[in-house]
Amino acid sequence: MFKKNKHGIQVKTPEQLEKMRAAGLVVGRTLQLLRESVQPGMTPLDLDAIAEKAIRDEGAIPSFKGYQGFPATICASVNDEVVHGIPGDSRRLREGDIISIDCGAILDGWHGDSAITVPVGEVDPALTELMRVTEEAMWRGIAALTPGRHLSDIGHEVEKYARSQGRYGIPKEYGGHGIGTEMHMDPWVANHGRPGRGPKLEEGMCLAIEPMLNLGTDRTKVLADDWTVVTIDGKASAHFEHSVAVTHNGPWVLTALDGGKERLADLLGDDAGRV
């Protein structure tokens, strides 16, 4: 029922991709709601409650909650927190913060996974630029998801763009992953590296592309909660992610409400991206 290629990577049928698209849209709509909800004075736990209700109201299940013991529906990482922040109510968001919100949902056994970084009110221009570069690096990586290209081309495009924009730290320990009937599957998708290496991309593969960029060093550490990853130097970090299918028409961004059409048209031409 679940085909894998010679590299052990799950390859979906067109019908299975439609199911993944349905799960991806649940995540996309939830993140849109969360983006609109972020404001000074809220706690990350407030956002978590909004996300869980939105996902369950669509008949889906939060995929993070209970995953390897994670206690919440979203990961909420503020300022110097890179990824995997646990939403709590001990601090409130303040004007000038940035918050990365990572969200996943399961619908009919298929997973969607996506992340955004959102400014809290007015933020420092350096943070605005950090978010812009990180998101654009993600789209450069996504644009590489065409049949016949190699897995390492994705990370190469992410890194090439990030390096062209300034001295940003790229945490080497964290990256993207395969996705489908499980949230994290083979292959690992690095955010750096040389092109032309690893398995060739083929129709039906689905990968989560998720660069993280830091304003300072690429070095990180995990806090005592065994989840929250922070920068060593205390400088801010941004994180963006989409779940993407490889199709004969090019990348289909399953967690983007427009299928990635608008952004991919800029990078690949007007016919890029499915709806």
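The values are calculated or read from the model by the stated rules, or taken from the named source; none is laboratory data. Here the structure is a predicted model, which is why all the values come from computation and not from measurement. Cβ coordinates were reconstructed from backbone atoms using ideal geometry, including for glycine residues, and neighbour counts include every protein chain displayed.
Per the conditions (1) in contact with a strand residue (DSSP E or B) (Cβ under 8 Å, 6 or more places away or on another chain); (2) surrounded by 15 or more Cβ atoms within 10 Å (Cβ to Cβ), the sole criterion not satisfied by LEU223 is (2). Of the strands (runs of 3 or more DSSP E) lying entirely inside segment 62-137, those containing at least 3 residues that are of a type in the set (Gly, Ala, Ser) and modelled with pLDDT of 95 or more are 98-107, 110-119. In segment 226-241, the residues that are closer than 26 Å to GLN32 by Cα and among the small types (Gly, Ala, Ser) reach residues that are outside any strand (DSSP E or B) and at pLDDT 95 or above with C-beta atoms within less than 6 angstrom, at least six apart or across chains, in these pairs: ALA236/ASN79; ALA236/ASP80; ALA236/LEU127; ALA236/LEU215; ALA238/LEU130; ALA238/MET131; ALA238/THR134. Return yes or no: is ASN249 farther than 22 Å from ALA105 by Cβ, touching a residue at least 40 places away in the same chain (Cβ under 8 Å) and among the polar types (S, T, N, Q)? Here the answer is no, as ASN249 does not meet what is asked.
Would you be able to say whether some residue in segment 239-262 is more than 17 Å from GLY155 (Cβ to Cβ) and assigned to a helix (DSSP H, G or I)? Yes: one or more hits. Of the residues GLN39, GLN16, which is out of contact with any Asp or Glu (no Cβ under 7 Å at 6 or more places or on another chain), surrounded by 13 or more Cβ atoms within 10 Å (Cβ to Cβ) and among the polar types (S, T, N, Q)? When all the criteria are applied, what remains is GLN16.
Let's see how each residue does on (1) in a loop (DSSP other than H, G, I, E, B); (2) among the aliphatic types (A, V, I, L, M); (3) within 20 Å of ALA143 (Cα to Cα):
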site: LYS172; (1), (2), (3): yes, no, no
site: TRP188; (1), (2), (3): no, no, yes
site: PRO195; (1), (2), (3): yes, no, yes
site: GLU202; (1), (2), (3): yes, no, yes
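Is segment 204-220 home to any residue that is part of a loop (DSSP other than H, G, I, E, B) and closer than 18 Å to GLY148 by Cβ? So far as segment 204-220 goes, yes, one or more of its residues are part of a loop (DSSP other than H, G, I, E, B) and closer than 18 Å to GLY148 by Cβ. So for segment 123-137 (the condition being among the small types (Gly, Ala, Ser) and either free of Cβ contacts under 8 Å to residues at least 60 places away in the same chain or over 16 Å from VAL253 (Cβ atoms) (or both)), does at least one residue qualify? Yes, some residue in segment 123-137 is among the small types (Gly, Ala, Ser) and either free of Cβ contacts under 8 Å to residues at least 60 places away in the same chain or over 16 Å from VAL253 (Cβ atoms) (or both). For segment 232-271, filtering for residues that are closer than 20 Å to GLU129 by Cα, in contact with a helix residue (DSSP H, G or I) (Cβ under 9 Å, 6 or more places away or on another chain) and not basic (Lys, Arg) leaves 9.
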